[in-house]
Structure formats: structure tokens, C-alpha cells
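The values are calculated or read from the model by the stated rules, or taken from the named source; none is laboratory data. Computed from a predicted structure; not experimentally measured. Note that we place each Cβ from the backbone using ideal geometry, even for glycine, and neighbour counts take in every protein chain shown.
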Amino acid sequence: MKVRFVVPVVLAACFSHLTLAETIFPAVDCVIVPSKTVDISAAVSGVIKTLYAERSGVVRNGELLAELDSRVEQANVELSRVRAAMSAEISAEEVNLKYDRLQSRRVNDLKQKNLTSVQNKDEAARLEKVTYWRLKQAKDTLRTRQFELARAMAHLEEKKVYSPLDGVVAQVYKTEGEYIEDQPVMRLVQLNPLHVEAVLPMEHYGQVQNNMLGGVFSELAPNNELQAKVIIIDPVGDTASGTFGVRLTIDNPENKIPAGMKCVLKLNSSIPDQTVEVQSNTGAVSAAPPAVKTHTIDKEPKYSDVNSQLVSKAELLIPNNQPTQKELVVVNELPVNADVLQAYSFGPFKDESILLNAAEVLTKHGYVFTRRVEDLSVIKGYLVLLAEGYEQSKRQLMMEFGQRGVNGMMILPRRSYNGRLSFGAYNGPEMANNRQKSLTGKGIRSEVITRRQEKASLWLDVDEIAGSRVATMLDQITDVYN
């Protein structure tokens, strides 16, 4: 009698821990499929000029796969590029505006002396304003042409087909010379990672969880177990079959595992421990039992309630065996270099031809810019002139100063310096001051005048350019000078 009761008790003790600790899932059929399948086509219709990929070829994200015939679009780009570099109208209006402003000032001076009529003054002001708005219209026209160039380049880019993912060409539908309108050119599949599609009995719904691991045995290698992880659990089951679907993912970094195979899935009830050891200035949180609470600190920095330390954006994991005393864990975010768009001016350019070459470089990269001219007053040198207040004529003064041992004198033209007596022109202020001191020692009053030359400075102002692109564009524009 004792033996008859001992066996059931022992069996119950052996299997009781399976019922309480884990759920035994049945082995079910499954299929291994690509994680992504994309039928790619061109954005516009046209005749296929070149195919750069073939079936089973490995492609990378952003790689050029096909190109349509684009001779018309290329011609439009070249035409728009030439039109966007046409700035002769702006140069002409700038000259007109400069003259009209000078003329307006002259008429105002005459009006203040009552040497001209109010009508002439108003007419000069009107011409100046009209020329100003003509110059602005010319700049707006150039800006519009730059946008037209960007549009033409976008139309040209639509004739090219690029890969949207890292994967393999599964099928090529069209060949070179065929006309396409809305048909796909080729099919791409992504094999890393792979997806495993399976169905489980409805009685196990609620027992399957995300990130749960499972063993996958493919028909190609039935004795080789592949590790898979649950990523999707269908919220709606199939009434007819009494099942629900799950999707798992398998890492396939070298594309060694082919897709399109049957397989058998055996789920495990365990979930991998994802607790990560975090180092901090107050201690470390090492590998611990599964976390029971997770939250993300707000994006804006805040001050914590422990020692008033600054807490940046971080993940706080609190294990279920955490002591009651709070512990502050700070994880610093890596700095992010934001590529901020900014305005930038390229120049100055020494002549119009170099500016046009630089404008072509900017236009080629799709940047919108404005041509700007600055009138600069450049110091050309220094003159030592006779001071005002002498009653003798310039000739008499030259004879008198010559007797004192002064040489290098000349009478300047009336149109430039009102016919004043000059004691020489000098490149630097030091030499001019020395000359003035020498004249003062001989009883001659003089003054140093700065010679200036008006010079136009040419610039290209870009409205928006990424900070990381400025150095690259400077290098390309600098090559224009060489």
C-alpha cells in the first residue's frame, strides 16, 4: 500500500515546478521570410537608359540602381544654370543707382543754393527711387532663376532610381530600352534581419510575450537551432482555426541564412535579462533581476531631490530587490552636433568673372544666393599739402620755400585737390609725418591728407547653408582662384 501511494507523490513533485515556473509551448510550423520586400519604380515615366543592378546582386541604401533617359532634363539644367549666373542686369542697375544717387545729391546742393527748381529736385529723387526698385527687381529675377535651377535639378533627379535599403535584388522586371510608367523596375528584399512567421493555438494567447526567445529549425539544417526573438503578437486571432499569429526576428548579418524556407518553431518561456550595468558618481547598478519599473526623465534638465545634482535625459532601472533608500544614477547624454542652417557670405571676389565662377559652384549644389556689392573706401596713400591761410600765390611760395631748402614741390590739379601745393605723396603715415615735421622746422605750415580710392567689393550671400558644409564650399570656391 505504501508503494502504491509513493509513486504519484514523487511524480507530482517532479512536474509541479514546470507548471508553476514556465509554460511548455508546442512545436509549430513556420516560414522564414525577408524582413522587407520592396518593389521600386521611378518617380516619373520614361525609357530605361541603364540598369546598374542584376538579380541576386547585393545593394546598399542610397545606391543608384537604374536611370531613365534624361537628355531633355539635362538640357534644362544647363539652361537654368546659365540663366542663374546671368548678373549683367544687376551690375547695370547698380551703376545706374550709383549715378542717380550722385545726381540727386548734386541737385539737392544746387537747390539749397537756390540754383535750380523744385521740379528738378523732385525729378532727380524720382529717378533714384525708380532705379532702386529696378535693381531690386533684377535681384528678384536672379533669385527666381536660382529656384528654377533647383527645380530643374530636382526633375533630373527624378529620372534616377535609388535603393531605399541594404539588401539583395530578388527580381528584375524591366530591361534597358523598355518604357515604364507606373510599373516596378525591380524587387528588393532585406535579409538582415529575417522574419519568422508562425501561428500558435489560441489557448497560449497571453502566455507569449514580446522579446521572448525561441528556437527555429529550418528545413535546410534541421539539427541547427537558430535563435529568434518575438517582436509582434497579433491582437486578433483566427476564429476558424483557433490560432493567432506571431512574428520573430533572426539576426543575419552576412546573409548566410536564405529566406523562403519552411521551419519549426519551439518557443521558450524565458525572456532575456536586459538590465544594464550603469556607472555613476554614487555607485554602480550591476546586473540584477528583471526590472519592475522603468521611466524616462523629461528632455528638459531638472534638479533631482538627492544632493541637488543635475540629471540629464537617462533611463532609470529599479530592480525588484532595490533597497528602500534612493540612489541617484546619472547617465550623461552624448553631445549632439546639430547641423544648424545659417546665412553665410562668400567673398570678396576681385572681379566679376571670378564671382560668376563661384556662383556656378553654389548653383551646382542647389544653394540660393544673392549678389551683393559693397562700396569700400581703400587708403591709397598720404599727401603732405600746404596748409590754408597763405596770401602769396603758389608760384611765389614755391620760390620762397625753395630758398629754404625745400624740394619735391608741385601744384595739384584743381579738379582733385583745388590746386593746392603738394610736398609729396607717401605710402605710409610715418614717412608723411616725418616730412611734415621737417617742414615745420623750416617754418612752413602743412597738413597730412589721406588719399582714398573707392573700390567695389563683390560678395555672394547664401540664405541658408548647413554649418558642416561651409568648409567644403569654401574649398571648392577657393579652387576658382587657382
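Taking the condition of being of a type in the set (Asp, Glu) and in a strand (DSSP E or B), how many residues in the stretch 335-390 meet it?
2
Quick one: in the stretch 236-275, which of the residues that are assigned to a loop (DSSP other than H, G, I, E, B), closer than 22 Å to residue 23 by Cα and more than 45 Å from the chain's Cα centre (by Cα) is modelled with the lowest pLDDT?
Pass one, the stretch 236-275, residues assigned to a loop (DSSP other than H, G, I, E, B): 236-237, 239-242, 251-260, 268-275.
Adding the requirement that they be closer than 22 Å to residue 23 by Cα leaves 236-237, 241-242, 268-274.
Imposing the further condition that a residue be more than 45 Å from the chain's Cα centre (by Cα) reduces the set to 237, 241-242, 268-269.
Numbers: 237: 93, 241: 92, 242: 94, 268: 88, 269: 76.
Per the stated criteria, the residue is 269.
So in the stretch 361-397, with the set limited to residues that are under 30 Å from residue 443 (Cα atoms) and crowded, with 18+ Cβ neighbours inside 10 Å, which one is nearest to the chain's Cα centre (by Cα)?
382
Listed here are the residues, each with its yes/no results for (1) in the same structural domain as residue 141 (by TED's automatic domain parsing); (2) modelled with pLDDT of 95 or more.
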{"position": "27", "(1), (2)": "no, no"}
{"position": "30", "(1), (2)": "no, yes"}
{"position": "48", "(1), (2)": "no, yes"}
{"position": "52", "(1), (2)": "no, yes"}
{"position": "56", "(1), (2)": "no, no"}
{"position": "65", "(1), (2)": "no, yes"}
{"position": "82", "(1), (2)": "yes, no"}
{"position": "85", "(1), (2)": "yes, no"}
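Condition first: small (Gly, Ala, Ser), not in a strand (DSSP E or B) and not assigned by TED's automatic domain parsing to the domain that holds residue 80. Can you find one or more residues in the stretch 441-455 that meet it?
Initially, the stretch 441-455 is screened for residues small (Gly, Ala, Ser), giving 441, 443, 446.
From what's left, not in a strand (DSSP E or B): 441, 443.
From what's left, not assigned by TED's automatic domain parsing to the domain that holds residue 80: 441, 443.
Yes, that holds for at least one residue.
Any idea which of 456, 432 is closer than 30 Å to residue 352 by Cβ and of a type in the set (A, V, I, L, M, F, W, C)?
Every option except 456 fails the conditions.
Yes or no: residue 478 of a type in the set (Val, Ile, Thr), modelled with pLDDT of 90 or more and part of a helix (DSSP H, G or I)? Let's see the steps before the verdict.
Details: of a type in the set (Val, Ile, Thr): yes; modelled with pLDDT of 90 or more: no; part of a helix (DSSP H, G or I): yes.
When the stated conditions are applied, residue 478 does not pass them.
Find all pairs meeting these conditions: Cβ atoms under 6 angstrom apart; at least six residues apart or on different chains; first residue within the stretch 250-262 and within 14 Å of residue 166 (Cα to Cα); second residue surrounded by 17 or more Cβ atoms within 10 Å (Cβ to Cβ) and aliphatic (A, V, I, L, M).
252/191; 252/194; 255/191
Name the single residue, out of those in the stretch 95-134 being of a type in the set (Phe, Trp, Tyr) and loosely packed, with under 15 Cβ neighbours inside 10 Å, that is farthest from the chain's Cα centre (by Cα).
Initially, the stretch 95-134 is screened for residues of a type in the set (Phe, Trp, Tyr), giving 99, 132-133.
Retained after the next criterion (residues that are loosely packed, with under 15 Cβ neighbours inside 10 Å): 99, 133.
Working: 99: 42, 133: 34 Å.
Per the criteria, the residue is 99.
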